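Q: Pasting a structure here, questions to come.
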Amino acid sequence: MKFITTATYEKLSRQAANIISAQVILKPDCVLGLATGSSPVGIYRQLIDWYRKGDIDFSRVTSVNLDEYVGLKGDHPQSYRYFMQQNLFDHVNIDPKNTYVPDGCAADFALECAAYDARIAGMGGIDLQLLGIGLDGHIGFNEPGDCFVKNTHVVELHESTIQANSRFFDSPDEVPRRAVTMGMISIMQAKKILLVANGPAKKEILTRAFEGPITPQIPASILQLHPDITVIYSEV
Ligand code: F6R
């Protein structure tokens, strides 16, 4: 595992964007696993900047996102599909039909989840998975529990996640209580993993996840078993 500490969020974003950019340059038809939340916003901004300068080409890239809130349609401003459109997809030349986000309004979630996993497997898996980490150690929306959940599944969000994510909504009551998330198999089978975390609030969970025991109570701790993971942490 490589652990990089940067002094600022701008430097974290630039270093992470460099790793993603290298992946796209080396394999133009790669599969990128993407995350939402506040941590990757600067990375996407940097990638857009390099795209505008002609330094990166997304035309052959496929993307698969980690998760989506149950009950939010893609045009809902707090949906993760909307986030991805606003923060990346609408500003680069990725082919819209090659961007996948779980459907939070699926009629049948068992089918949707199985289809999501089958789609990722059919792509040959993920080349580079970008992750953030929740204060409770979640990755994607794999919340702490008694076991690691292997496949894409619907999850009940923990109170701490609802509170943490309420900053994006008008009130905590509006935060959906359930989400659909990629499971651990697709994440752990990604050829490379890049996890980013910024700010002192994330320091303790990073230490517990990467220096403590591997336990489903801290879902990110499973990443200790991944052969090619880079963690970038910025102090501010
Ligand atoms: C979002 C996701 C989540 C976030 C995590 C950290 O797609 O998968 O696991 O990465 O909740 O969120 P931020 O970056 O907002 O602290």
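The values are calculated or read from the model by the stated rules, or taken from the named source; none is laboratory data. All figures in this text were calculated on a predicted structure; none of them were measured in a lab. So basically every Cβ, Gly included, is an ideal-geometry build from the backbone, and we count neighbours across all protein chains shown. These area figures cover heavy atoms from the full protein model, side chains too; ligands, DNA and RNA do not enter into them. Shrake-Rupley method; radii C 1.70, N 1.55, O 1.52, S 1.80 Å.
Q: Being without any contact (Cβ under 8 Å) to a residue 40 or more places away in the chain and either more than 20 Å from Thr6 (Cα to Cα) or within 14 Å of the ligand (Cβ to nearest atom) (or both), is that true of even one residue in segment 189-198?
A: Filtering segment 189-198 for residues without any contact (Cβ under 8 Å) to a residue 40 or more places away in the chain gives none.
No: segment 189-198 contains no residue that is without any contact (Cβ under 8 Å) to a residue 40 or more places away in the chain and either more than 20 Å from Thr6 (Cα to Cα) or within 14 Å of the ligand (Cβ to nearest atom) (or both).
Q: A follow-up question, please. From (1) more than 10 Å from the ligand (Cβ to nearest atom); (2) open to solvent by less than 20 Å² (accessible area, probe 1.4 Å); (3) of a type in the set (Ser, Thr, Tyr), pick out the condition that doesn't hold for Thr161.
A: Going through the list (1) more than 10 Å from the ligand (Cβ to nearest atom); (2) open to solvent by less than 20 Å² (accessible area, probe 1.4 Å); (3) of a type in the set (Ser, Thr, Tyr), Thr161 breaks only (1).
Q: Would you pick out the residues in segment 57-106 that are away from the ligand (no atom under 13 Å from the Cβ) and of a type in the set (Gly, Ala, Ser)?
A: Ser59, Gly71, Gly74, Ala106
Residues are listed down the side, and each one gets a yes or a no for (1) in a strand (DSSP E or B); (2) more than 30 Å from Leu111 (Cβ to Cβ):
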site	(1), (2)
Asp170	no, yes
Pro176	no, no
Ala179	yes, no
Ile185	no, no
Ala190	no, no
Lys203	no, yes
Ala209	no, yes
Pro216	no, no
Ile222	no, no
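Q: Can we say Leu131 is more than 20 Å from Gly199 (Cβ to Cβ), within 12 Å of the ligand (Cβ to nearest atom) and of a type in the set (A, V, I, L, M, F, W, C)? Spell out the reasoning first.
A: Details: more than 20 Å from Gly199 (Cβ to Cβ): no; within 12 Å of the ligand (Cβ to nearest atom): yes; of a type in the set (A, V, I, L, M, F, W, C): yes.
When the stated conditions are applied, Leu131 does not pass them.
Q: May I ask you to list pairs of residues, at least six apart or on different chains, whose Cβ atoms are under 7 Å apart, with the first in segment 100-125 being over 12 Å from Val64 (Cα atoms) and the second being polar (S, T, N, Q)?
A: Gly104/Ser79; Cys113/Asn151; Cys113/Thr152
Q: Now for a different question. Return the only residue of Tyr9, Tyr82, Tyr69 being open to solvent by less than 20 Å² (accessible area, probe 1.4 Å) and among the hydroxyl-bearing types (Ser, Thr, Tyr).
A: Checking each option against the conditions leaves just Tyr69.
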